[in-house]
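Data first, discussion second: the structure below is written as structure tokens.
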């Protein structure tokens with residue numbers, strides 16, 4: 001029954017996600033070009049940045065676990081949406097595909113929101129303004145429900161702070177956090193869906 005509520009098959013979902021996330025890089029490149037800013041000017045591929053990104057995933061994932069399991073009605077609505085709508089699609093993907101989607105989202109979304117929008121807004125409204133306004137946009141882009149948008153905004157603030165956590169701006173840090181967090185969340189939602197499906201038989 002849950003599966004029939006989805007109007008898109010897993011392979012189409014995978015292609016759509018690839019095209020949609022990939023389009024964010026094009027948008028980021030255009031905005032960056034118009035603003036005279038390279039989307040990857042603050043991207044440094046180094047082990048310290050990777051390590052900070054890996055370590056920085058833990059607090060964010062713990063927040064996910066708490067909100068995912070909390071018996072509060074607004075959070076339960078999000079839980080049910082993720083399991084019923086996304087669960088069948090994520091469960092149909094293998095771990096390599098989920099890793100690809102997570103890496104794609106981490107790279108493309110961070111390129112747009114932390115690589116371009118945050119620094120461009122900072123030029124006009126300062127560091128705090130860049131952090132807040134870019135993540136209001138990030139929240140609106142994830143506005144499945146008001147609660148989900150709020151959580152996305154909090155997540156975006158965290159990622160925006162992670163951008164500067166090393167003392168020297170490095171886009172690799174929020175990219176790593178975002179990608180690993182998404183991968184772990186994908187696995188959790190797919191596992192919950194599998195358990196709910198097994199109980200229905």
Please state the Cα pair-distance histogram of the stretch 143-201 with 10 angstrom bins from zero: what percent is in each bin?
-> 21, 34, 29, 13, 4, 0
Per-pair calculated FRET efficiency, R0 = 45 Å: residue 12 and residue 127 via Cβ, rounded to 0.05 | 0.65
Summarise the long-distance tail of P(r) for the chain by giving the % of C-alpha pairs beyond 29 Å.
-> 24
Length gained when the stretch residue 69-residue 27 is fully extended (0.36 nm per residue, less Cα-Cα span) | 11.6 nm
Full-extension gain in nm, residue 100 to residue 191, via 0.36 nm per residue minus C-alpha separation = 31.0 nm
Percentage of Cα-Cα pair distances in the stretch 73-144 greater than 14 Å, rounded to whole percent?
-> 71
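Each value in this text was obtained by applying a stated rule to the coordinates, not by laboratory testing. Note that the coordinates shown come from a computational prediction; the quantities given were computed from them, not determined experimentally. Every residue, glycine among them, receives a Cβ derived from its backbone with ideal geometry; neighbour counts consider all protein chains shown.
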